[in-house]
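**Q** First the structure, then my questions, so here it is.
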Amino acid sequence: MYVYAVEASSIAEYTRQLVKQNDCEEVVTVLQGRAEETELPVQVDVLVSEWMGNCLLFEFMVESVLLARDRWLRKGGVMWPSSAALALVPCQAESYYAEKIAFWEQPYGLDFTPLQPLAQKEFFTKPKFSHLIDPSDCLSAPCDIITMDMYTLQVEDLEEMKGQFHFCVERSGVFHGFTAWFTAHFESLETEGATVELNTGPNSEPTHWKQTLFMLDRPVRVYEGDSISGSIVLHRNPIWRRHMTVTLQWNINSSKEETDNCQANIKTFTLFTLTLMNNSSIMLFFNHCGSIFFMQCGFVTYMHRQKVLTLPLESLDFFCVCFFCICVHRLEQRVSPCGGERLTKCLINGGDQLKISLTHPL
């Protein structure tokens, strides 16, 4: 057996050190480079990659794996994972709803309900990653809505993936949203060997991915025997290729008058990632007009003339933040559009890892 380990990042150098430290140099070769560009001297028998992301596809590392498959895998070779499926279930999420929405009803004896629409927009327009759902909060049995055969899946298939669902409510409760997770299957190298399953769902041990929660705009009470049916579309962003949107469309059917029989509902969630190139805080000084933009801990704060505006960075496109900063600066400055400050670097590195730096006269 011989292993070619392909790694695009600088961790490849540390991998080489580990290979040497464990006397594996004769059986492992570490190649630093992108899978799309790296050349192997031979075709391989097994192709292994941990490409799965939240909602199975998020960040779309699978594209590199498919390209590597077409270039490196010999005919009859094995892919690990060999197949994967995205599962969905309607669910309750009472504690999360209480934390983000119901909290504003009367905190400290005061009525903060005017803030509920703002909180809903902030927290429920994007999915909640790393969610751990209790199995008792599943209102129905889950179903696989999208399946992927890693031997036949094509890169162009990733642009838009669709699925249908029909759930029969098995227990009465409050329908807060949908929870998604995935399973991945690893076929045996032996002809009659058993397939191994990695299940990231609530009935298995928690994993790195946990589950992903998609909240409705408002909860709906449902009853045993009701049905929830609809569709899901995963649409890859045409520009930011690691990002995607998830569109859920559903309706509830019930014979009970108590059930809130909704008409067709539709909601789209945006999944995107933002990784700053270092862990330190980033301060942007606009000293000619006394404005400061300070980015830390997921927020961008604009400070000028004792006025402070804080925006949640995770809910904004990074370039929108940069554009916002520049526009405000130019409007307030009312002189030269540069004013001594200039953005020197705003680059995309490795897909969507972003870095911004600023120079100004001292």
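The values are calculated or read from the model by the stated rules, or taken from the named source; none is laboratory data. Keep in mind the model is a prediction, meaning the values are calculated, not measured. Using ideal geometry, Cβ is built from the backbone for each residue, glycine included, and neighbour counts are taken over all protein chains shown.
**Q** In the stretch 60-76, is there at least one residue being outside the structural domain of Phe186 (by TED's automatic domain parsing) and of a type in the set (Phe, Trp, Tyr)?
**A** Checking the stretch 60-76: at least one residue is outside the structural domain of Phe186 (by TED's automatic domain parsing) and of a type in the set (Phe, Trp, Tyr).
**Q** Is the stretch 225-233 home to any residue that is more than 16 Å from the chain's Cα centre (by Cα) and of a type in the set (D, E, K, R)?
**A** Among the residues of the stretch 225-233, at least one is more than 16 Å from the chain's Cα centre (by Cα) and of a type in the set (D, E, K, R), which makes the answer yes.
**Q** Do we have any residue at all in the stretch 165-185 that's among the small types (Gly, Ala, Ser) and under 30 Å from Asp45 (Cα atoms)?
**A** Yes, the stretch 165-185 contains at least one residue that is among the small types (Gly, Ala, Ser) and under 30 Å from Asp45 (Cα atoms).
**Q** Anything in the stretch 191-234 that is among the hydroxyl-bearing types (Ser, Thr, Tyr) and touching a Cys at 6+ places or on another chain (Cβ under 8 Å)? List them, or say none.
**A** Matches in the stretch 191-234: Thr212, Ser227.
**Q** How about the stretch 128-225: which strands (runs of 3 or more DSSP E) wholly inside it have at least 1 residues that are closer than 19 Å to Val65 by Cα?
**A** 143-149, 160-168, 173-186, 196-199
**Q** If you don't mind, another one. When you scan the stretch 76-84, do you find a residue that is in a loop (DSSP other than H, G, I, E, B) and either surrounded by fewer than 16 Cβ atoms within 10 Å (Cβ to Cβ) or at pLDDT 95 or above (or both), even just one?
**A** Yes: the stretch 76-84 contains one or more residues that are in a loop (DSSP other than H, G, I, E, B) and either surrounded by fewer than 16 Cβ atoms within 10 Å (Cβ to Cβ) or at pLDDT 95 or above (or both).
**Q** Next question, about the same structure. Exactly one of (1) charged (D, E, K, R); (2) closer than 30 Å to His185 by Cα; (3) assigned to a helix (DSSP H, G or I) is unmet by Glu122. Its number?
**A** For Glu122, the exception is condition (2).
**Q** While we're on this one: Can you name every residue in the stretch 5-55 that is under 23 Å from Arg74 (Cβ atoms) and part of a helix (DSSP H, G or I)?
**A** Listed by number, the list is empty, since nothing qualifies.
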